[in-house]
Structures are given as structure tokens and as C-alpha cells.
1. Mind computing the radius of gyration and Dmax over the alpha-carbon atoms of the chain? Å is fine for both.
2. Using only the Cα atoms of the range 67-130, build the gyration tensor, take square roots of its eigenvalues as a ≥ b ≥ c, and label the shape rounded, prolate or oblate: rounded if a/c is under 1.5, else prolate if a/b is larger than b/c, else oblate.
3. What is the magnitude of the charge dipole of the chain about its Cα centre, with +1 placed on the Cβ of each Lys and Arg, -1 on the Cβ of each Asp and Glu, and no other charges, expressed in debye to the nearest 20?
4. Pop a pseudo-label 7 angstrom from the Cα along the beta-carbon direction at both Ala29 and Trp116 and give the gap in nm to one decimal.
5. Can you give the relative contact order of the range 1-111 as a percent, counting alpha carbon pairs under 8 Å and 6+ residues apart?
6. How many nm separate the modelled label positions at Asp10 and Val72, each set 7 Å beyond the Cα in the direction of the Cβ?
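Values in this text are rule-based calculations from the coordinates and carry no lab data. Worth saying up front: this structure is predicted, and the values here are computed from it rather than measured. For neighbour counting, all protein chains shown are included, and Cβ atoms are generated from backbone atoms with ideal geometry for every residue, glycine included.
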Amino acid sequence: MGITYTQGTDPARLDSVELSERLSATIRAAVPWLVTLSDADAGTPEAEGKWSAKEILGHLTDSAINNLSRIVRMQIGSERMPGYDQQSWVALQHYRDREWAQVLALWFALNEHLVWVIRHIDLSRLSNQGVVADSPLTLGFLIEDYIAHMEHHFHALRRWEKPGKSTVQNSGLIS
């Protein structure tokens with residue numbers, strides 16, 4: 001599966017509602033400062049050969065797509081699932097060329113759906129086993145690592161935030 005972002009908790013100690021609330025809190029804490037980024041700033045990479053904020057959020061969108069599939073499949077039964085070639089996915093979808101508001105809205109909508117799906121997972125299924133990119137893991141670990149992965153990227157994305165810029169702007173993404 002590549003890099004992991006959490007040690008994981010014993011699945012018997014996890015709660016799907018708590019996991020969904022943690023994901024919801026993570027995305028809702030990020031939106032107010034993400035919407036303050038201009039389209040130009042979000043499309044400019046931090047350095048040559050690095051991703052822009054649009055591409056990082058695009059990567060997180062791709063992660064949502066891949067992990068939604070894994071979360072559903074792992075509830076059905078143990079499966080062997082592929083990893084994902086993040087560089088190719090981001091490049092082929094041209095996130096840097098898309099409007100920042102569109103990238104942000106897509107990422108938000110997919111993650112709101114993930115919050116919904118995770119909230120409804122039967123607790124007994126959090127210990128279901130699967131294999132992602134030849135790495136065995138539990139459904140509970142997959143969800144915890146997904147959230148930690150997002151938090152990792154938000155830490156990096158904060159570099160694009162403008163100091164002193166108001167985050168009280170209404171994005172239209174959150175009701």
C-alpha cells in the first residue's frame with residue numbers, strides 16, 4: 001500500500017460513527033482556509049517539479065475515489081485490491097488546469113459521501129481483512145490511515161495559506 005500515516009487501532013476498539021465524525025471534522029476544518037486560496041495561487045506549484053495546491057487536492061480526490069471503492073468492497077468481503085499510480089492519476093486529470101472552486105467542490109462532495117458511508121459501517125466489519133497493493137490491512141486501519149493521510153497533506157497545503165487573510169468567507173460548500 002506504500003506509505004502509511006497511522007499505526008492503527010485495534011478494530012475492536014473503533015467506532016464507525018466516531019471515524020465518520022473525525023473525517024467530517026477534518027474536512028470542515030480545512031474548507032474555511034482552502035476557500036481563501038485564489039485560483040492562481042492554488043495552481044502554482046511550491047517549487048519546480050512539485051504539485052500545486054490544486055494537484056494536492058486532486059490527489060486527495062483520487063484518494064477518496066480509490067478508498068470509497070475499497071471501503072465498500074471490504075465490507076462485502078476480503079478482497080485483493082490494486083494500489084494507485086498517484087502521479088499518473090493527477091497528471092491525466094489535469095487538476096492544475098481546472099478552476100480551484102471546481103477542484104475544491106469535487107473533493108468536498110466525495111468526502112462528504114465518505115463520511116456518510118463510514119458512519120453506516122457495521123462495527124463488526126471494521127475488522128474485515130483486505131489486501132491493497134499486496135499489503136494486508138483491516139477496514140478500520142484503512143479508514144484511520146485515509147484520515148491521517150488527508151491530515152498530512154493539509155499540513156503541507158497550509159504553505160499556500162496567506163497570513164492574515166480572512167477565513168470567514170462563505171464557500172457555498174458547507175451548509
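1. Rg then Dmax for the chain, in Å: 16.4, 49.
2. Working: a/c = 5.08, a/b = 1.66, b/c = 3.05.
In terms of gyration-tensor shape, oblate.
3. Values: 16 positive and 21 negative charges, 37 e Å.
Around 180 debye, computed over the chain.
4. Modelled inter-label distance: 2.5 nm.
5. Details: 63 pairs, mean separation 38.1, N = 111.
That works out to 34 percent.
6. In this crude spin-label approximation the distance works out to 3.3 nm.
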